[in-house]
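Step one of this worksheet: look at the structure below.
The values are calculated or read from the model by the stated rules, or taken from the named source; none is laboratory data. For clarity, every value in this text was computed on a predicted model and none was experimentally measured. Neighbour counts run over all protein chains shown; Cβ positions are idealised from the backbone, glycine included.
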Amino acid sequence: MSNARPPHSAPLKLLKLLAAGLALAVAACGAPVEQRPGYPGTFMLAPASPEAGRINDLTWLLHGIMTVVFVGVLTAALVIYRRYRARAADQRGRQIFGNTRLEVIWTALPGLVLIFAFAISTSVMCDVQPAARAVSAEAIRVRVVGHQWWWEYSLPDQGAVTANELHLPAGQLAVLELVSADVMHNWWVPQLQGKLYNIPGHQNTLSFTPAEVGTFGGACGEFCGLQHAWMRTRVVVEPPDRFTAWAQEQAAPAREPGTDLARRGQALFQSSTCSSCHYVRGAAGPVGQEAGQALAGPDLTHVAARATLGAGVVENTPENLARWIRAPQELKPGNLMPSLRLTDDEVAALTAYLSELR
Ligand code: CUA
């Protein structure tokens with residue numbers, strides 16, 4: 001037996017490894033991600049806007065090309081391996097170094113594939129994200145401020161401010177102005193549009209027309225610190241009349257507390273550190289910053305109407321709200337909210353007050 005012959009199992013092992021890798025990759029981008037109760041799944045391959053549809057078509061086309069190249073190269077490698085492997089220790093293959101024709105072919109072919117992929121990608125990028133899109137009176141304008149680690153949404157035309165949960169009307173162009181209050185973030189709701197950076201001191205504009213009613217999950221796509229993974233967001237696309245009702249609710253002043261406990265909570269909110277970072281529009285007494293400016297903490301005017309707390313960390317229930325107020329660093333270590341060392345009674349009062357802010 002000649003020892004020049006390579007072991008047979010090597011290509012088989014490689015093939016198994018590649019198959020496993022491919023299966024993992026497909027599973028990673030295809031499976032809906034449902035990490036916490038009450039949180040929408042993100043199915044990247046189910047576009048819900050024409051823009052995301054174009055990106056999805058491009059994804060399939062490029063993966064098709066890659067599959068043809070991958071299978072072609074692998075098949076050729078296996079055929080060549082079987083047909084031309086050395087059958088004796090001293091056997092040498094034909095030397096083709098310097099063969100101009102061959103070198104031109106194997107340089108030009110991949111080059112053409114890359115040029116085609118570049119051209120088609122650039123064309124889709126220009127279509128789905130034009131440098132300037134005429135903002136008609138119909139368009140919904142949203143200012144999206146990235147914070148460590150939550151999203152501030154304000155709709156200047158509707159006078160609404162909220163956090164982490166954005167509602168949009170189906171069939172109407174949405175124009176998002178992306179900025180940041182601290183470091184670089186990246187707003188990404190894959191079923192609606194491609195991702196785009198929130199950059200400190202610079203405004204990016206992202207636009208799309210949601211086509212389907214539904215709730216779409218998203219996340220921050222740029223590493224921005226300890227809780228980058230818990231900078232989730234949700235976009236609720238609804239019929240225009242439902243959206244208008246939502247925007248009016250969000251723009252309205254906060255409701256006054258209805259119970260004694262909630263009234264104690266309101267007084268505590270206004271007299272303690274809470275109001276130096278958070279804002280409750282319409283509440284008497286000291287408030288944080290003016291609406292429209294970047295806030296230090298989320299606007300709480302209608303906090304109880306949101307589905308999650310801590311940008312997706314937990315469902316928004318009175319129990320979780322109390323947990324958050326008592327020990328914010330336990331649920332989301334590193335976030336800017338300090339533990340105020342409140343008594344159980346104070347936590348109960350604040351929870352009662354904030355739970356009424358629907
Ligand atoms: Cu913000 Cu990652």
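Within region 221-246, restricting attention to residues that are assigned to a loop (DSSP other than H, G, I, E, B) and more than 16 Å from the chain's Cα centre (by Cα), which residue is farthest from the ligand (Cβ to nearest atom)? Please lay out each step first, then the result.
As a first pass, look at region 221-246 and keep what is assigned to a loop (DSSP other than H, G, I, E, B): 221-227, 231, 239.
Adding the requirement that they be more than 16 Å from the chain's Cα centre (by Cα) leaves 226, 239.
Numbers: Leu226: 10, Pro239: 31 Å.
If we take residues in region 221-246 being assigned to a loop (DSSP other than H, G, I, E, B) and more than 16 Å from the chain's Cα centre (by Cα), then Pro239 is farthest from the ligand (Cβ to nearest atom).
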Is there a residue in region 97-110 that is of a type in the set (Gly, Ala, Ser), surrounded by 14 or more Cβ atoms within 10 Å (Cβ to Cβ) and assigned to a helix (DSSP H, G or I)? no
Criterion first (among the aromatic types (Phe, Trp, Tyr) and in contact with a Ser or Thr (Cβ under 7 Å, 6 or more places away or on another chain)) does Trp106 satisfy it? no
Under the condition of being touching a Phe, Trp or Tyr at 6+ places or on another chain (Cβ under 6 Å) and of a type outside the set (Gly, Ala, Ser), which residue from region 152-183 is farthest from Ala305 (Cα to Cα)? Leu178
Just wondering, is there one or more residues in region 278-287 that are surrounded by fewer than 20 Cβ atoms within 10 Å (Cβ to Cβ), modelled with pLDDT of 85 or more and in contact with a Ser or Thr (Cβ under 9 Å, 6 or more places away or on another chain)? no
May I ask you to list pairs of residues, at least six apart or on different chains, whose Cβ atoms are under 6 Å apart, with the first in region 333-349 being under 14 Å from Leu261 (Cβ atoms) and the second being assigned to a loop (DSSP other than H, G, I, E, B)? none
Among the residues of region 131-151, is any loosely packed, with under 15 Cβ neighbours inside 10 Å, among the hydroxyl-bearing types (Ser, Thr, Tyr) and outside any helix (DSSP H, G or I)? yes
Say we look at region 322-358 and pick out the residues that are surrounded by fewer than 22 Cβ atoms within 10 Å (Cβ to Cβ) and touching a strand residue (DSSP E or B) at 6+ places or on another chain (Cβ under 8 Å); which of these is nearest to Trp150 (Cα to Cα)? Leu331
Can we say Leu192 is surrounded by 15 or more Cβ atoms within 10 Å (Cβ to Cβ) and over 16 Å from Phe43 (Cβ atoms)? no
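Applying the selection to region 263-277, what residues are touching a helix residue (DSSP H, G or I) at 6+ places or on another chain (Cβ under 7 Å) and crowded, with 21+ Cβ neighbours inside 10 Å?
Quick first cut of region 263-277, residues touching a helix residue (DSSP H, G or I) at 6+ places or on another chain (Cβ under 7 Å) only: 264-266, 268-269, 275.
Answer for region 263-277, where residues must be touching a helix residue (DSSP H, G or I) at 6+ places or on another chain (Cβ under 7 Å) and crowded, with 21+ Cβ neighbours inside 10 Å: Gly265, Gln266, Phe269.
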Those residues that are aromatic (Phe, Trp, Tyr) and within 16 Å of the ligand (Cβ to nearest atom), I need them from region 97-151; list them, please. Trp149, Trp150, Trp151
